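The values are calculated or read from the model by the stated rules, or taken from the named source; none is laboratory data. Predicted model, so just to flag it, every value in this text is computed and none were measured. Here the Cβ is made from the backbone with ideal geometry for all residues, glycine too, and neighbour counts use every protein chain on show. Remember, those area values only see protein heavy atoms, side chains included, never the ligands or the DNA or RNA. Shrake-Rupley method; radii C 1.70, N 1.55, O 1.52, S 1.80 Å.
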Amino acid sequence: MFRSTLLATAALACAAAAQAQDFAPREDLMAVTGTFRSAAPEEWYGGYGTREFTFADGQWHLIFTHALDPAMTMRTFQFRTGGPFEIREPSEAVSGAYHGVFHEDWKHVTLLTENAEIVAGMGMADCGLTYNLETDISESGCGHWLPVAECGEDHDLFAMDATGVYFGVRPRDNNMCTEDRTPTALLPVVARY
């Protein structure tokens, strides 16, 4: 699954703008609570997606929903994951951001399309998924999601301001399993809900 060039260009522009803002200190990031959602569908994986993050008591939870259209009516899948998180050293690449490690204790995916060509194109044909039924892929992995045993950490950038939270631009293969895969630019804000 790949992002379009447009997303990468937009993300870099947003990252430059975000660097000029006053980001919260590390202590505030470690104590973050609340729900944060995409303000509008964003370009993801050749289509569109929305991100929803919930933080409470040192835990994080992501719900990512993908669709082929910006109105999010032609949905393809939903991915959920979560676990504890930790905030490490300041980022050398993005002023005010920190290296965050988001542990993935579990990974679940729901197939939201019955179109076999789309499912195969997303690399999900051999995942044993049932349409509209959430499946735990923690042990098996699916497509670009590796099993928890192989990739139980997401090494990301993390920043926060009054608008919301910021995460890093993900690589094409979606692999941020090790520290050397930490992004070097920020995506657009995920707004406080």
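Paramagnetic label reach from residue 93 (point 7 Å along Cα→Cβ; backbone nitrogen cut-off under 17 Å): within region 176-193, residues 176-189. Compared with the alpha-carbon gap, the fully stretched path from residue 117 to residue 26 is longer by 28.3 nm at 0.36 nm per residue.
Looking at 121, 102, 31, which one has the Cα that reaches farthest to the positive end of the dipole of the chain (charges on Cβ: Lys, Arg +1; Asp, Glu -1)? Working it through, the farthest residue towards the positive pole turns out to be 121.
One chain, two ends: residue 86 and residue 39. Fully extended at 0.36 nm per residue, the span grows by 14.4 nm beyond their Cα-Cα distance. Taking the C-alpha atoms only, the angle from helix 5-19 to the longest principal axis of the chain is near 20 degrees.
For the set 176, 122, the ranking by accessible area, highest first and with no ligand, DNA or RNA atoms included, is 122, 176 under a 1.4 Å probe.
If R0 equals 30 Å, the separation of the Cβ atoms of residue 149 and residue 184 corresponds to a calculated FRET efficiency of about 0.65. Mean residue ellipticity at 222 nm, helices only, the chain: -3500 deg cm²/dmol; runs of at least 4 DSSP H residues each add -39,500 (n - 2.57), and the sum is divided by the number of residues.
Within region 12-141, antiparallel bridges make up roughly 95 percent of the DSSP beta bridges whose residues both belong there. Modelled spin labels at residue 56 and residue 69, positioned 7 Å past Cα toward Cβ, are 3.4 nm from each other.
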